[in-house]
1. Give me the one-decimal nm value for the distance between modelled label points at Asp70 and Ile321, 7 Å along each residue's Cα-to-Cβ direction.
2. Over region 1-74, consider all pairs of different Cα atoms and compute the Kirkwood hydrodynamic radius from their mean reciprocal separation; express it in Å, one decimal.
3. In units of 2.2 N^0.38 Å, what is the alpha-carbon radius of gyration of region 84-174?
4. Could the peptides 312-318, 57-63, 26-32 be put in order, highest first, of the mean number of other beta-carbon atoms found within 10 Å of their residues?
5. Could you rank the peptides 124-131, 262-269 by their average count of other C-beta atoms within 10 Å per residue, with the highest value first?
6. Per 0.36 nm of contour for each residue apart, how much would the distance between Lys52 and Ser248 grow if the chain were fully extended, relative to their Cα-Cα spacing?
7. Before anything else, pin down the relative contact order of the chain: Cα pairs under 8 Å, at least 6 apart, normalised by residue count, whole percent.
8. Would you look at the GNM of the chain, springs on alpha carbons closer than 10 Å, and say which of Glu340, Glu277, Glu53 moves the most?
Amino acid sequence: MFDKLEFIEEKYEELGLKLSDPEVINDQKQWQRLMKEHSELSSIVVKYREYKEVKQGIAEAREMIEEGEDDIKELAKLELAELEERVVELEMEVKKLLLPKDPNDERDVILEVRAGAGGDEAGLFAAELLRLYIRYAERKRWKVEILNTNETGVGGIKEASVLIKGNGAYSKLKYESGTHRVQRIPQTESGGRIHTSTATVAVLPEVDDVEVDIKQNDLRVDVFRSSGNGGQSVNTTDSAVRITHLPSGLVVTCQDGKSQLSNKEKAMQVLKARLYELELNKQNEEIAEQRRSQVGTGDRSAKIRTYNFPQARITDHRIPITIYKLDSYMEGEIDEMIDELNTFFQTEALKALDEV
């Protein structure tokens, strides 16, 4: 690890020299690229230099304990204890900074919720999950835009997708992907029996046009009349759009906007995100072991969480962790779960780093 840190420090110094070169300064594109790289290395170098200073302090304190006067020895022992405690903290901080950063962490996300097994109850649970994430986004003061909803007749949803725009949205929500299971007595259950239903959640990083190359010849675009609740222009014109990506077979539908153009733009956003995720999954197959340590099998059908209403608990099966705050959790107060997940997966990544 420390050989890598020495290399990073040398690279940091080299970049500093290049940034002061008049030729580089005159080439704004190159200067900005080098400045970004220099800035990204800065936090690691600052911590590493502090680490080296503390190590030097430890060596000096030990020398004083061996060769100094009695009163100096006592002071040196106190200083040594503090420095040894600090060096352990700095080692952990440096390791965290060395972890590969997820390039998608700062992106906005497209969050999709679908009803799974369980009939009407699954649709109702899917609607509650969608509301949960919208409430969470509102608490974070993120912007939420409904892209598409397909409702059931009893107040639930078959599927829905929303665009969530906010600082670090993907970093917070990326571990929500998977199958969510609910255990409770449905309102329609006269015998008072607990039923189990499921809904699936997919969290996709929103991507730019330049990152996903979609050829128009690979698309089939169909328009049709929207269904479900809507205003004057939503249900009376052929404004709904269905886009089929022929090479992959992916199909995206959007009908919540008032115009065909708006729905097509939103559908393309979702399609790009799904194609981007497909590409990421291909790459993840090449690093399957690392991926499994983060998201189990990587299969979205894997059960990740259970919501047990009679016991007012939420259990995540990957860590595992159980939280007995179901009412507030369903209102979007999910930071405790998200923080636990991020800490767990970061710890797993640190273990992997130590083994390298």
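1. About 5.3 nm, to one decimal.
2. 14.8
3. Against the compact-globule rule of thumb, the ratio is 1.52.
4. Packing proxy ranking, top to bottom: 312-318, 57-63, 26-32.
5. On the way: 124-131: 22.4, 262-269: 19.9.
With the highest mean Cβ count within 10 Å placed first, the list reads 124-131, 262-269.
6. My answer for the length gained is 65.4 nm.
7. Values: 554 pairs, mean separation 50.7, N = 356.
Averaging sequence separation for qualifying contacts and normalising by length gives 14 percent for the chain.
8. Taking springs between Cα atoms under 10 Å, the residue moving most is Glu53.
Coordinate-derived values only; no laboratory data. These numbers come from a predicted model, not from an experiment. No Cβ is skipped: glycine too gets one built from the backbone with ideal geometry, and neighbour counts run over all protein chains shown.
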